[in-house]
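Read the structure below first, then the notes.
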Amino acid sequence: MKMLKSKQSRRFENSKTCVAIEYPLHDKDINGTIIELSGRYPEKGLAVNLECKELAYVVKGEGILVVKGKKYSLEEGDVVLIEPNEKYFWQGNMMLFMVCTPAWSPKQHKIIM
């Protein structure tokens with residue numbers, strides 16, 4: 001069993017519009033992060049995860065997710081699953097709880113212009 005207290009989390013900016021609060025479990029198979037979105041991420045282009053499935057739960061707020069050019073409206077309580085290699089962007093004012101499997105790493109995450 002692993003447990004992390006909120007004071008053990010790490011806050012970092014992915015961009016001006018996207019702040020992540022990471023809970024470092026040091027587990028290669030899964031991780032969890034709070035995302036605070038206040039605009040568009042990525043600010044330009046599309047994001048893609050080459051290895052990870054991303055499961056996102058909208059904790060509060062609303063916005064959209066565009067995957068493969070299709071727009072999905074999101075609001076509090078919604079859940080989405082982004083498969084590896086799907087190109088996407090987020091836009092809105094939302095707090096998301098994201099779980100990635102295998103655990104997210106910067107090496108497998110790309111921004112495509």
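The values are calculated or read from the model by the stated rules, or taken from the named source; none is laboratory data. Quantities reported herein were computed from a predicted structural model and do not represent experimental measurements. Counting neighbours? That spans all protein chains shown, and the Cβs are built from the backbone with ideal geometry, glycine included.
If you check Leu74, Leu50, Leu46, which single one turns out to be among the aliphatic types (A, V, I, L, M) and touching a helix residue (DSSP H, G or I) at 6+ places or on another chain (Cβ under 7 Å)?
Details: Leu74 fails: touching a helix residue (DSSP H, G or I) at 6+ places or on another chain (Cβ under 7 Å); Leu46 fails: touching a helix residue (DSSP H, G or I) at 6+ places or on another chain (Cβ under 7 Å).
Matching residue, one of Leu74, Leu50, Leu46: Leu50.
Go through the stretch 1-19 residue by residue and tally those that are in a strand (DSSP E or B), among the hydrophobic types (A, V, I, L, M, F, W, C) and at pLDDT below 95.
So the answer is 1.
Taking the stretch 62-113 on its own, how many of its residues are without any contact (Cβ under 8 Å) to a residue 40 or more places away in the chain, more than 25 Å from Pro24 (Cβ to Cβ) and assigned to a loop (DSSP other than H, G, I, E, B)?
The total comes to 7.
In this structure, is Gly77 farther than 20 Å from Gly45 by Cβ, exposed (fewer than 15 other Cβ atoms within 10 Å of the Cβ) and modelled with pLDDT of 95 or more?
yes
Let's see how each residue does on (1) over 20 Å from Met113 (Cβ atoms); (2) of a type in the set (S, T, N, Q); (3) out of contact with any Cys (no Cβ under 7 Å at 6 or more places or on another chain):
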| position | (1), (2), (3) |
| --- | --- |
| Met3 | yes, no, yes |
| Glu13 | no, no, yes |
| His26 | yes, no, yes |
| Thr33 | yes, yes, yes |
| Glu36 | yes, no, yes |
| Lys44 | no, no, yes |
| Asn49 | no, yes, yes |
| Tyr57 | yes, no, yes |
| Lys60 | yes, no, yes |
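Within the stretch 31-61, how many residues turn out to be outside any strand (DSSP E or B) and buried (at least 16 other Cβ atoms within 10 Å of the Cβ)?
Of the residues in that region, 2 qualify.
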